[in-house]
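So the structure is just underneath, and the comments pick up after that.
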């Protein structure tokens, strides 16, 4: 994936440094811009958990545990319209926005919104793209998750901030070339997803066949116990008793 979003796939022309030590060289025609110049950046909050009237409504509410490099179509928890009215930080972000985890064990994980949704304070949302498409940014962030996580600060569970994400410089080609790269990566993901499903199906089938072909656990015991039921003398006569 990283080869595609950094222009290393099928490109042999001149290159320039992207600006960060871990980004490496990119094609000269690519332009590196801060995310803050390419997207509107926002976050969210968590209403008081004790106020049950704020939860269980029709408004999707994303937490970082749901960021798994996929499109989010539904959320584990939802909010009510009252929560949106009482907490202005709960902005509803449009479908297609990119969500990045900023805290703890999930730091750097990403997802795309498939529906309009709110988020908690541990999520950073990139929306309203301009010169970089949301789909390209999603793949770029995914490809550089480890490096982004290394930017975290703190104790046992380091965090990154919205400012950290805003200041990231993403080298990218023109929008047409971004679209072509995204299409290629989408095709690769579909292939990998199909192979994953096929392997899982084969593994399940093999395990099922193994269970059917294995002798029952008592089969060996029944043979060894047969002497108790049909004990014989040395002359081969059955013992009657």
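The values are calculated or read from the model by the stated rules, or taken from the named source; none is laboratory data. Please read all numbers here as calculations on a predicted model, not as lab measurements. Don't worry about glycine lacking a Cβ; one is built from the backbone with ideal geometry, like all the others, and counts go over all protein chains shown.
Applying the criterion of at least 2 residues that are at pLDDT 95 or above, over 12 Å from the mean Cα position of the chain (by Cα) and under 29 Å from residue 183 (Cβ atoms) to the strands (runs of 3 or more DSSP E) found wholly in segment 92-157 leaves 123-127. Of all residues in segment 31-50, none that is at positive phi and assigned to a loop (DSSP other than H, G, I, E, B) has its Cβ atom under 8 Å from the Cβ atom of a residue that is at pLDDT below 95 and surrounded by fewer than 16 Cβ atoms within 10 Å (Cβ to Cβ), 6 or more apart or on another chain. Taking residue 145 as the residue in question, decide whether it is surrounded by 15 or more Cβ atoms within 10 Å (Cβ to Cβ) and touching a helix residue (DSSP H, G or I) at 6+ places or on another chain (Cβ under 7 Å). No; evaluated as a whole, the condition is false for this residue.
One line per residue, one yes/no per condition, for (1) exposed (fewer than 14 other Cβ atoms within 10 Å of the Cβ); (2) at pLDDT 75 or above:
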{"site": "8", "(1), (2)": "no, no"}
{"site": "17", "(1), (2)": "yes, no"}
{"site": "24", "(1), (2)": "no, no"}
{"site": "36", "(1), (2)": "no, yes"}
{"site": "52", "(1), (2)": "yes, yes"}
{"site": "68", "(1), (2)": "yes, yes"}
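Within segment 170-183, the residues that satisfy the criterion of being surrounded by 15 or more Cβ atoms within 10 Å (Cβ to Cβ) and either in contact (Cβ under 8 Å) with a residue 40 or more places away in the chain or part of a loop (DSSP other than H, G, I, E, B) (or both) are 170, 171, 172, 173, 178, 181, 182.
Considering segment 148-163, and only residues there that are in contact (Cβ under 8 Å) with a residue 40 or more places away in the chain, surrounded by fewer than 21 Cβ atoms within 10 Å (Cβ to Cβ) and touching a helix residue (DSSP H, G or I) at 6+ places or on another chain (Cβ under 9 Å), the residue that is nearest to residue 26 (Cα to Cα) turns out to be 152.
Among the conditions (1) closer than 25 Å to residue 164 by Cβ; (2) out of contact with any strand residue (DSSP E or B) (no Cβ under 7 Å at 6 or more places or on another chain); (3) touching a residue at least 12 places away in the same chain (Cβ under 8 Å), the only one that residue 88 does not satisfy is (3).
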